[in-house]
Amino acid sequence: MLKNNLIVKSNQVIEASYTLTTIEQRLILSAIAQVPKGEEISDDVLYPLTTKNLVKLGGDEKASHKEFKNAVNRLYERSIVLRDGDESDSFRWIQEKVFNGSKVAFIRFSKPILPFLSNLKSEFTKYLESDIVGMSSPYSIRFYELIMQYRSIGKREISLEDLRWMFQLQNKYPVWADLKKRVIDQATKEINEHSPYNLTIEPKRTGRKITSIVLKFQDKKVLKTPRESSNNPLFDTQRNRDFSSPDIQTFSDALKQSKTSDLGHRASKITGLIMSNGLADRFKQSDESIIGMMKRIKEEITTDTTADQWENKLKEFGVVF
């Protein structure tokens, strides 16, 4: 039975520029999933990887041990580029690889990437290993992580320029039809088939030119009618009669947690729109850094009222929500 390990990745890493094959992504995700909840990834630890790890994430059971070893070797050479405004920083994913025979390898993450992989106090995207089982395209996993950042909103827009930068496709698939067929359509198909979400991706034009894509997605459970869910407590008369005070308190706590999560996503969207629309200088205070500004704004957004105020500010600058 598949163990639903939680994968936690920094949103800055998810929106970073890098190229990894599907098997290389599974190696990274498998190592991340081993970190206990509440702990941070350490560069003092060698994280074990096996072919079984890859199968658990949807890899081919018939894949050769040579393919596994080659993937680890390639991962050792891979770099990732993170950007902050006009500044960018490039470093390797891992700093060390150790093989124990042909079936087991150990990897040590590079020190610069540690703060971005598992610091749970920041804004992160969480999903389960089981969500991506069956996805064979590396773009499917990337797109899935991108929509998980906005899971409470159900919609996000990404410019083609940003998409090409994130996926390192600047010189690949220059024609929209090829990009759609090779990257977008394949990812949409796999996400709809294998994940808990339904996704549609539509092009958006500026004049006659396609300049961005709009991702719309919804949890498949939400799409079900009440009659389709036999375990729906709202339609179970006996269960409603037996709904105790602890149940109500738990439900209340869950609603509060959901509300906090929604505000977090709204705050992330607001700061993201500030950056993508070139408005950082208008909202920075004195010598405040961009990261400092984003952190301050997120800390300010603690209620729907403050979120509405920030959205209204951005609308004054022509930002469309």
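Restricting the range 105-124 to residues that are at pLDDT 80 or above and among the aromatic types (Phe, Trp, Tyr), the residue that is nearest to Ile94 (Cα to Cα) is Phe109. Might you let me know whether the range 207-228 holds any residue that is of a type in the set (S, T, N, Q), exposed (fewer than 15 other Cβ atoms within 10 Å of the Cβ) and either at pLDDT below 90 or in contact with a helix residue (DSSP H, G or I) (Cβ under 7 Å, 6 or more places away or on another chain) (or both)? Within the range 207-228 (the criterion being of a type in the set (S, T, N, Q), exposed (fewer than 15 other Cβ atoms within 10 Å of the Cβ) and either at pLDDT below 90 or in contact with a helix residue (DSSP H, G or I) (Cβ under 7 Å, 6 or more places away or on another chain) (or both)), the answer is yes, since at least one residue qualifies.
Listed here are the helices (runs of 4 or more DSSP H) enclosed by the range 133-183 that have at least 1 residues being outside the structural domain of Lys204 (by TED's automatic domain parsing) and at negative phi, and there are none.
Mind telling me which of the residues Lys62, Lys37, Lys56, Lys52 ends up being at pLDDT 75 or above and over 29 Å from Ser289 (Cβ atoms)?
Details: Lys62 fails: at pLDDT 75 or above; Lys37 fails: at pLDDT 75 or above; Lys56 fails: at pLDDT 75 or above.
Step by step, each of Lys62, Lys37, Lys56, Lys52 is checked, and only Lys52 is at pLDDT 75 or above and over 29 Å from Ser289 (Cβ atoms).
Within the range 125-162, the residues that satisfy the criterion of being at pLDDT below 75 and either surrounded by fewer than 16 Cβ atoms within 10 Å (Cβ to Cβ) or under 19 Å from Met275 (Cβ atoms) (or both) are Thr125, Lys126.
Within the range 65-85, which residues are acidic (Asp, Glu) and modelled with pLDDT under 75? Even if it seems obvious, please write down each step before you answer.
Residues of the range 65-85 that are acidic (Asp, Glu), as a first pass: 67, 77, 84.
If the condition is that a residue be acidic (Asp, Glu) and modelled with pLDDT under 75, then Asp84 is the only one that fits.
Counting the residues of the range 62-110 that are part of a helix (DSSP H, G or I), of a type in the set (Lys, Arg) and surrounded by 13 or more Cβ atoms within 10 Å (Cβ to Cβ) gives 2.
Considering every residue within the range 257-269, establish whether at least one is at pLDDT below 75, at positive phi and surrounded by fewer than 13 Cβ atoms within 10 Å (Cβ to Cβ). Checked against the condition, which is being at pLDDT below 75, at positive phi and surrounded by fewer than 13 Cβ atoms within 10 Å (Cβ to Cβ), the range 257-269 yields no hits at all.
Taking residues in the range 266-277 that are in contact (Cβ under 8 Å) with a residue 12 or more places away in the chain, and partners anywhere that are among the polar types (S, T, N, Q) and assigned to a helix (DSSP H, G or I), the pairs with Cβ atoms closer than 8 Å and at least 6 places apart or on different chains are Ser268/Asn11.
The values are calculated or read from the model by the stated rules, or taken from the named source; none is laboratory data. If you're wondering where the values come from, they're calculated on a predicted model, not measured in any experiment. Here Cβ is always computed from backbone atoms with ideal geometry, including for glycine, and neighbour counts include all displayed protein chains.
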